[in-house]
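**Q** Could you have a look at this structure, given as structure tokens, before my questions?
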Amino acid sequence: MLQQSDRETRRGYTLNDLMSGSSDEVRALIRRGELTRPTAGLAPGYAQANLVVLPEDLAFDFFLFCQRNPGPCPVLEVVESGRYEPSLTARGADLRVDIPLYRIYRDGELVAEQKDVTGYWDDDLVCFLLGCSFTFEAALIRAGIPLRHIEQGKNVAMYVTSIEARPAGMFSGPIVVSMRPIHESKVVRCVQITSRFPMAHGAPLHIGDPAKMGIRSIKHPDYGDYVKIKEDEVPVFWACGVTAQAVALRSRPRLMITHSPGHMFITDVRDEELAAS
């Protein structure tokens, strides 16, 4: 349970409180506007998800895009048009207000970033929840693989690559990856663990030299925060659900609502429920 700390933060909770809370407790803080930070490390043991919201007439094309690109866009749930409760993954939740920060794209342009998207809602919209690599981070930490962005309270670093996703209908664009520095002695174990989570992007897409994916500067991520890569560490890259936002910039749907990168939807699904046996 979330407990009030003697060393209160400005809003009354320490990071340790948030990292020990359950999914519904953390969502309640988000809904009240008391939590706007990236969600890496929060409610450990619960799966996190990317959000993509589109007009109904574009939903089939996007679903086909996800089917053709299950690495960056594994579908956890599709909520039918006009509804905003993800009844399969978090009954009682509200996808309009239960994410710390949203982005709104119109015709391929980012026009707003805000904590509540009820003002953009209508009965024409279809919600997609896509798997997120934050889901397997608890398993990595349990295996003794530290994650620096969590230790430093930062967002994970994300990069647009030169790798093209398979197009579908109107949707096309580059694959985005997230990066975590992993000690060279733990890379094999890291691959073994994350391979068990195909619905959270699964095994790494690339290990090592970022230039081979068209990433020009590892120190300047396109989204999120850079964390130092030490001499005995290797950059490890996973496909990332922010791919959908890179696709929006190119494909220019008239409206797409998403989470802000790193500010995910926390489900009630336990991470091990998404792990392969």
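**Q** Considering the stretch 22-47 alone, what residues qualify as being closer than 20 Å to ASN155 by Cβ and aliphatic (A, V, I, L, M)?
**A** Result: VAL26, LEU29, ILE30, LEU35, ALA40, LEU42, ALA43, ALA47.
**Q** Restricted to the stretch 135-159, and to residues that are in a helix (DSSP H, G or I) and aliphatic (A, V, I, L, M), which residue is surrounded by the most Cβ atoms within 10 Å (Cβ to Cβ)?
**A** ILE150
**Q** Let me spell it out: the conditions are (1) assigned to a loop (DSSP other than H, G, I, E, B); (2) surrounded by fewer than 21 Cβ atoms within 10 Å (Cβ to Cβ); (3) out of contact with any strand residue (DSSP E or B) (no Cβ under 6 Å at 6 or more places or on another chain), and GLN192 meets all of them except one. Which number is the exception?
**A** With respect to (1) assigned to a loop (DSSP other than H, G, I, E, B); (2) surrounded by fewer than 21 Cβ atoms within 10 Å (Cβ to Cβ); (3) out of contact with any strand residue (DSSP E or B) (no Cβ under 6 Å at 6 or more places or on another chain), GLN192 is out only on (1).
**Q** Only one of these is in the same structural domain as LEU101 (by TED's automatic domain parsing) and crowded, with 18+ Cβ neighbours inside 10 Å: PRO70, PRO86, PRO55. Name it.
**A** Of the residues listed, the single one that is in the same structural domain as LEU101 (by TED's automatic domain parsing) and crowded, with 18+ Cβ neighbours inside 10 Å is PRO86.
**Q** Scanning for something assigned to a loop (DSSP other than H, G, I, E, B), surrounded by 20 or more Cβ atoms within 10 Å (Cβ to Cβ) and either at positive phi or without any contact (Cβ under 8 Å) to a residue 60 or more places away in the chain (or both), does the stretch 101-122 turn up at least one residue?
**A** Within the stretch 101-122, not a single residue is assigned to a loop (DSSP other than H, G, I, E, B), surrounded by 20 or more Cβ atoms within 10 Å (Cβ to Cβ) and either at positive phi or without any contact (Cβ under 8 Å) to a residue 60 or more places away in the chain (or both).
**Q** Tell me which of these VAL176 doesn't satisfy, since it passes every other one: (1) more than 27 Å from TYR226 (Cβ to Cβ); (2) in contact with a Cys (Cβ under 8 Å, 6 or more places away or on another chain).
**A** Going through the list (1) more than 27 Å from TYR226 (Cβ to Cβ); (2) in contact with a Cys (Cβ under 8 Å, 6 or more places away or on another chain), VAL176 breaks only (1).
**Q** Inspect all residues belonging to the stretch 8-18 and state whether any of them is at pLDDT below 95, polar (S, T, N, Q), closer than 22 Å to ASP271 by Cβ and surrounded by fewer than 16 Cβ atoms within 10 Å (Cβ to Cβ).
**A** yes
**Q** Oh, and also: Given the criterion over 17 Å from ARG37 (Cα atoms), assigned by TED's automatic domain parsing to the domain that holds ASP268 and within 15 Å of the chain's Cα centre (by Cα), identify the matching residue among PHE197, PHE128.
**A** Selected residue: PHE128, the only one of PHE197, PHE128 that is over 17 Å from ARG37 (Cα atoms), assigned by TED's automatic domain parsing to the domain that holds ASP268 and within 15 Å of the chain's Cα centre (by Cα).
The values are calculated or read from the model by the stated rules, or taken from the named source; none is laboratory data. Note that the structure is predicted; figures quoted are calculated from it, not measured. A quick note on method: Cβ atoms are made from the backbone with ideal geometry, for glycine too, and the neighbour counts reach across all protein chains shown.
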